[in-house]
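Have a look at the structure below, then the notes.
The values are calculated or read from the model by the stated rules, or taken from the named source; none is laboratory data. Remember, predicted model here, so these are calculated numbers, not experimental data. Backbone-built Cβ (ideal geometry, glycine too); neighbour counts: all protein chains shown. The accessibility values were calculated without ligands, DNA or RNA, using every heavy atom of the protein model including side chains. Shrake-Rupley method; radii C 1.70, N 1.55, O 1.52, S 1.80 Å.
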Amino acid sequence: MMPDIIEKIYSERLSIRILWLTVAFVVIFYEVTILSYFLLPEGFLLKKNSVTDFTTSKNFLVCAMQIFSYNMLSIVVVIFGSLFARKKEGEKCYKSYGCLGFFVFIILNAITLGTWSFTVNTNSVPLMERIIRTFDIVHNAGLLEMYGQLLITGSLATKYLVMTEGKNTTTRKIMDLKMKRSEIITLIGGLLLMFAGALIESHAILR
């Protein structure tokens with residue numbers, strides 16, 4: 001079953017990639033959130049979170065731009081990782097490292113939620129309330145930002161330059177990486193979602 005899902009995540013059809021990335025995201029994010037809630041101590045990632053030293057402006061728009069710029073670091077990782085892909089001999093599709101980076105970020109976000117390792121000083125809430133709050137996108141930016149990352153990852157999942165199959169590596173020129181109109185729109189949509197999330201996060205910090 002897993003090989004079939006992975007194959008769909010790297011499908012040549014954008015709609016199939018987004019659909020199955022969404023399925024994998026929902027399952028992994030909420031499963032890891034629940035497991036980390038029960039298995040890890042509260043505040044587990046707080047001292048390991050580099051954002052604890054991140055000082056934001058008191059101006060709403062400047063603060064939002066700071067948050068957006070910081071979140072773009074994850075997108076840089078996804079973009080760079082998407083340039084490299086590999087597959088085992090006999091497998092049908094190459095697997096982009098950009099997707100791997102995306103899921104690493106999702107797991108870290110899930111552990112942050114499960115262990116309440118947020119840098120903004122708020123009182124911890126029960127597990128079910130934590131999960132329900134993620135769907136309140138008017139007041140909580142997490143889901144918007146993560147889905148923005150997902151759209152960007154999906155749009156770039158087949159745009160690799162270096163392909164490794166077993167011990168053989170082939171490359172192609174950057175001019176060969178042509179994006180379809182739907183992929184460009186999806187990429188822009190992902191960036192807009194991340195910026196909307198930065199606005200919401202800025203409001204939450206400054207209120």
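Could you tell me whether segment 145-161 includes any residue that is modelled with pLDDT of 90 or more, farther than 22 Å from residue 73 by Cβ and not small (Gly, Ala, Ser)? Looking for residues that are modelled with pLDDT of 90 or more, farther than 22 Å from residue 73 by Cβ and not small (Gly, Ala, Ser), one finds at least one in segment 145-161, hence yes.
Give me the residue from segment 94-134 that is out of contact with any Gly (no Cβ under 7 Å at 6 or more places or on another chain) and hydroxyl-bearing (Ser, Thr, Tyr) and, out of that set, least open to solvent (accessible area, probe 1.4 Å). Top of the filtered list is 112. Of 55, 22, all but one fail to be among the β-branched types (Val, Ile, Thr) and open to solvent by 80 Å² or more (accessible area, probe 1.4 Å); the exception is 55. Regarding residue 17, is this residue of a type in the set (D, E, K, R) and open to solvent by less than 70 Å² (accessible area, probe 1.4 Å)? Yes: the conditions hold for residue 17. Among residues of segment 177-190 that are over 11 Å from residue 159 (Cβ atoms), those with a beta-carbon under 6 Å from a residue that is open to solvent by less than 40 Å² (accessible area, probe 1.4 Å) at least six positions away or on a different chain give the pairs 182/14; 186/151; 186/155; 189/151; 190/148; 190/151; 190/152. From the list 164, 122, 158, the one residue that fits, being touching a Phe, Trp or Tyr at 6+ places or on another chain (Cβ under 9 Å) and under 23 Å from residue 23 (Cβ atoms), is 158.
Collect the residues in segment 145-175 that are free of Cβ contacts under 8 Å to residues at least 40 places away in the same chain and touching a Lys or Arg at 6+ places or on another chain (Cβ under 9 Å), keeping them in residue-number order. Steps first, please.
Just the residues of segment 145-175 that are free of Cβ contacts under 8 Å to residues at least 40 places away in the same chain, to begin with: 167-175.
If the condition is that a residue be free of Cβ contacts under 8 Å to residues at least 40 places away in the same chain and touching a Lys or Arg at 6+ places or on another chain (Cβ under 9 Å), then 169 is the only one that fits.
Remark: pairs (first residue in segment 120-144, closer than 15 Å to residue 43 by Cβ; second residue in a helix (DSSP H, G or I); Cβ separation under 6 Å; 6+ apart in sequence or on different chains) = 130/113.
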